[in-house]
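Novice: One structure coming up, written as structure tokens, with questions to follow.
The numbers here are math on the coordinates, done by the rules we state, and not lab data. Note that the structure is predicted; figures quoted are calculated from it, not measured. Glycine gets a Cβ as well: all are built from the backbone with ideal geometry, and neighbour counts include every protein chain shown.
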Amino acid sequence: MKLTSHLGVSAITGVAAFFTTHDMYAGISCFLAGWLIDLDHVWDFYRNAGRAFTVRGFFETFENGEIEKVHLYLHSYELLFGLICGCFLTHFNYLLSFTTLGFGIHLLFDQICNPVKPLSYFITYRILHGYNADRIFMSRAE
């Protein structure tokens, strides 16, 4: 899913959280968690492209399929599971719960909208396959 789409979905989720709870912090945490998860793409850009960061170069690298190794450390069901466990352990801490919601919605939309194999958003799967993009994205191997 593209960055602009995630911004839109995260904004809608954040606004919905705000109007549901009437708490600005719930909306902000939901929005930020749903959007900032994509910061791990910057790491993949540097690891794969190895050149100076420009916004244009960043987007071209991903659009042209120049990514050979897909780390995406924040895009992880294991991390989502840890956040959910944290919610239970803190008796559903308000901000942690909305952070988890924003994070989970991001992963859900990525799983549905991106051409990835079913297990690709498990960091364990990516580790076991050497972060190889051909084993993560459907369109590359098929």
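Novice: Considering only T20, A133, F58, whose Cα is most displaced toward the positive end of the charge dipole of the chain, charges sitting on Cβ of Lys, Arg (+1) and Asp, Glu (-1)?
Specialist: Among T20, A133, F58, the one farthest towards the positive end of the dipole of the chain is A133.
Novice: Let me ask something else. Report the label-to-label distance for R51 and L32 in nanometres (one decimal), using points 7 Å from each Cα along the Cα→Cβ vector.
Specialist: Label-label distance for R51 and L32, simple model: 3.4 nm.
Novice: Further question: Using the Cα atoms of the chain to build a convex hull, what is its mean projected area in square nanometres? Can you show the working numbers first?
Specialist: Working: hull surface 35.3 nm².
Directional mean of the projected Cα hull area for the chain stands at 8.8 nm².
Novice: With +1 assigned to the C-beta of every Lys and Arg and -1 to the C-beta of every Asp and Glu, and no other charges, what is the dipole magnitude of the range 3-141 about the Cα centre in debye, to the nearest 20?
Specialist: Dipole of the range 3-141, to the nearest 20 debye: 200 debye.
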